[in-house]
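The values are calculated or read from the model by the stated rules, or taken from the named source; none is laboratory data. Computed from a prediction, not measured in an experiment: that's the story for all the values here. So basically every Cβ, Gly included, is an ideal-geometry build from the backbone, and we count neighbours across all protein chains shown.
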Amino acid sequence: MIAIQRGTERPNDVVIIQGHIDSRVTDVMNFTSDAPGANDDGSGTAAVIEAARVLSKRKFPGTIVYAALSGEEQGLLGGKILAQYAKAQGWNVVTVFNNDIIGNSCSSDGFCDDKHVRVLSEGPRSQGQAELAAQTHSLGGENDAPSRNISRYLDSLADRLNIGLDVTQIWRTDRFSRGGDHIPFLEMGYPAARISVAVENYDWQHQDLRTENGKAYGDTIDHMDFPYLEKVTKLNVAALASIASAPPPPEAKVEGGVSTDTLVTWAPVSGAEGYVIRLRRTDSSQWETVPAWDAPVSPSGQPSKSMNCLYPVTAGKKRVHAVGELSCRMSGSTIGSSECLPSAKTASKAPSPPQSPAARSSLTSLPRRNR
Ligand SMILES: [Zn+2]
């Protein structure tokens, strides 16, 4: 089941929230036994429906697609169909949030955690990695793929939402020996991430309903933690609204060979009123959060000594000439990866400007993969 909320300004820019509506018992081909699938993946499907209920009352520049997919347990069939449909339609899929098992908080060993949610993202890209391998070995960037930046974005967004939920970034495509409906999108080059519970209970997923030695097996509704599911759903809804509102990221070019400066250039993006350049050490999981760096506009447009590593620029109506030429010096140390992000028109009102998670890798020569 698919619902499309067409964007008002950039209908071809698409963000997808999805869960899978099918469920299973122990034998994946058993289609007669009762398979309630409360958590796997009634929880993800509920998040999709709730997101549609909340967000369909508003309008967004970009398109939001709500998907309850089928046949996940038999081979990611619904995910494949939707990914193929997206490609056939020529959608620019900015992000896919695959919500699969998001509604319980206690694991099979009794450990409970309702304060974290895992976001799983691929490192080396599923699509196009063969062509990128040589560049990746030379320049790095294996931690800068679009899906990884979605992970970072959700992590920072959860902090800002302050709803008692933190993101644990898992830098893998999925859990060991497991998969989900984000994978068909990754294979087509679309940025995608899986969202899933902090701890898993294997007695309550993919099990025949039964009681053995006093222990209940099966994916039933009494094991759900609805306040936790609510928090994970809130994170999804906020991310969808933000991404569907944000201007597309600029394509940045970075040059810094045999130089103490790194030159970052990009073309203006329509709808962006300012830009934020973020840096991180190569061994840091998150973009640096020096508060001054979050100010997208400098009144003078001049390099600021206090910021040391950021030459803020203005864009749009005021100082268009400043855009596309700025350099960054970090004396005495090696520069980490850098990234250009546009800030949305509402950025000045928000505590921190929304960032598009699909911002491309900083590496000059890495082509974008999701067009
Ligand atoms: Zn599932």
**Request:** Could you look through the stretch 4-53, keep only residues that are exposed (fewer than 14 other Cβ atoms within 10 Å of the Cβ) and of a type in the set (A, V, I, L, M), and pick out the one that is farthest from the ligand (Cβ to nearest atom)?
**Result:** MET29
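Please work out if GLY78 is part of a helix (DSSP H, G or I), within 15 Å of the ligand (Cβ to nearest atom), modelled with pLDDT of 95 or more and more than 25 Å from PRO247 (Cα to Cα). Write out each step before concluding.
On the way: part of a helix (DSSP H, G or I): yes; within 15 Å of the ligand (Cβ to nearest atom): yes; modelled with pLDDT of 95 or more: yes; more than 25 Å from PRO247 (Cα to Cα): yes.
Criteria met by GLY78.
Taking the residues in the stretch 54-75 that are within 14 Å of the ligand (Cβ to nearest atom) and charged (D, E, K, R) as candidates, determine which candidate is farthest from SER245 (Cα to Cα).
GLU73
Would you please name the residue that is surrounded by the fewest Cβ atoms within 10 Å (Cβ to Cβ), looking only at residues in the stretch 274-291 that are of a type in the set (D, E, K, R) and modelled with pLDDT under 70?
First pass over the stretch 274-291, keeping only residues of a type in the set (D, E, K, R): 278, 280-281, 283, 288.
If we keep only those that are modelled with pLDDT under 70 as well, we get 278, 288.
On the way: ARG278: 22, GLU288: 13.
Once the filter is applied, the top-ranked residue is GLU288.
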**Residue tally, condition away from the ligand (no atom under 16 Å from the Cβ) and over 25 Å from the mean Cα position of the chain (by Cα), over the stretch 186-220** = 10
**Request:** Examine the stretch 135-152 for a residue that is under 23 Å from ILE243 (Cα atoms), in a helix (DSSP H, G or I), within 16 Å of the ligand (Cβ to nearest atom) and not aliphatic (A, V, I, L, M), and state whether such a residue exists.
**Result:** no
**Message:** Against the conditions (1) at pLDDT below 95; (2) more than 13 Å from the ligand (Cβ to nearest atom), where does SER107 fall short? Just the number, please.
**Reply:** (1)
**Item:** Residue list for the stretch 157-183, filter: within 16 Å of the ligand (Cβ to nearest atom) and either among the basic types (Lys, Arg) or part of a helix (DSSP H, G or I) (or both)
**Value:** ARG175, ARG178, ILE183
**Complete:** Note on the stretch 9-29: residues over 26 Å from ASP219 (Cα atoms) and either modelled with pLDDT under 95 or charged (D, E, K, R) (or both) are GLU9, ARG10, ASP13
**Message:** Pull out all pairs, ordered by first then second residue, where Cβ-Cβ is under 6 Å, the residues are six or more apart or on different chains, the first lies in the stretch 207-231 and is under 13 Å from SER43 (Cβ atoms), and the second is among the hydroxyl-bearing types (Ser, Thr, Tyr) and outside any strand (DSSP E or B).
**Reply:** ASP225/SER105; TYR228/SER105; LEU229/SER43
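For the stretch 103-127, how many residues meet the condition of being in a loop (DSSP other than H, G, I, E, B) and hydrophobic (A, V, I, L, M, F, W, C)? Working first, answer last.
Initial filter on the stretch 103-127 (in a loop (DSSP other than H, G, I, E, B)): 103-105, 107-111, 113-115, 121-127.
Within this subset, residues satisfying the condition of being hydrophobic (A, V, I, L, M, F, W, C) are 111.
Here the count works out to 1.
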**Message:** Looking only at the stretch 193-220, how many residues end up being hydroxyl-bearing (Ser, Thr, Tyr) and part of a strand (DSSP E or B)?
**Reply:** 3
**Asked** What residue, among those in the stretch 158-173 that are touching a Leu at 6+ places or on another chain (Cβ under 7 Å) and surrounded by fewer than 20 Cβ atoms within 10 Å (Cβ to Cβ), is nearest to GLY79 (Cα to Cα)?
**Response** ARG172
**Prompt:** Mind checking which residues of the stretch 221-234 are within 15 Å of the ligand (Cβ to nearest atom) and outside any helix (DSSP H, G or I)?
**Reply:** MET224
